[in-house]
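The values are calculated or read from the model by the stated rules, or taken from the named source; none is laboratory data. In this text the structure is predicted, and so the values were computed from the model without any measurement. Quick reminder, even Gly has a Cβ in these numbers, built from the backbone with ideal geometry, and neighbours come from all protein chains shown.
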Amino acid sequence: MHYDVAMRHQQALDPSALTTIATTLHAIEAAITDCRNAGKDSETDPAVVLLARHLGTVCARAADDTVLRRTCLDEIADIRRHPALRTLAYRGVSYDEAAKRVFHAEGRAAM
């Protein structure tokens, strides 16, 4: 297996390609894995720290905390009004133990 040890440092120095939360998290996870493979401490690795700080920059582009909190509360209320049973039935729960548990629990409650 090939490990590109320098890649985490290169991404940390130029994170311009990391423009979304998902891509930045993926880069952080890959850097942590790379640290483990290289025998480095990921908690103090400068590349991991820089990538984590970049994640903060990417997240700062979103709405302010008040709007995000209000949206979360609205989503919770919507979830409570519309159980996941219908969505899980359409999507299917094969090979997904957590989805199966929710599907069966909500199915029993609906009956």
Among (1) loosely packed, with under 10 Cβ neighbours inside 10 Å; (2) out of contact with any helix residue (DSSP H, G or I) (no Cβ under 7 Å at 6 or more places or on another chain); (3) farther than 27 Å from T20 by Cα; (4) of a type outside the set (D, E, K, R) - the single one G56 does not satisfy = (3)
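Does at least one position in the stretch 54-61 carry a residue that is within 19 Å of the chain's Cα centre (by Cα) and under 17 Å from Q10 (Cα atoms)? If you could, list the steps in order and put the result at the bottom.
Here is the first cut: in the stretch 54-61, the residues within 19 Å of the chain's Cα centre (by Cα) are 54-61.
Among the residues that remain, those that are also under 17 Å from Q10 (Cα atoms) are: 54-55.
Within the stretch 54-61, one or more residues are within 19 Å of the chain's Cα centre (by Cα) and under 17 Å from Q10 (Cα atoms).
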Boolean, A89 is at pLDDT below 80, more than 22 Å from the chain's Cα centre (by Cα) and over 30 Å from T20 (Cα atoms) | yes
Helices (runs of 4 or more DSSP H) within the stretch 25-111 that include 1 or more residues more than 30 Å from M7 (Cα to Cα) and of a type outside the set (V, I, T) = 65-81, 85-91, 97-110
Does I21 qualify as being in contact with a Ser or Thr (Cβ under 9 Å, 6 or more places away or on another chain) and farther than 30 Å from A105 by Cα?
-> no
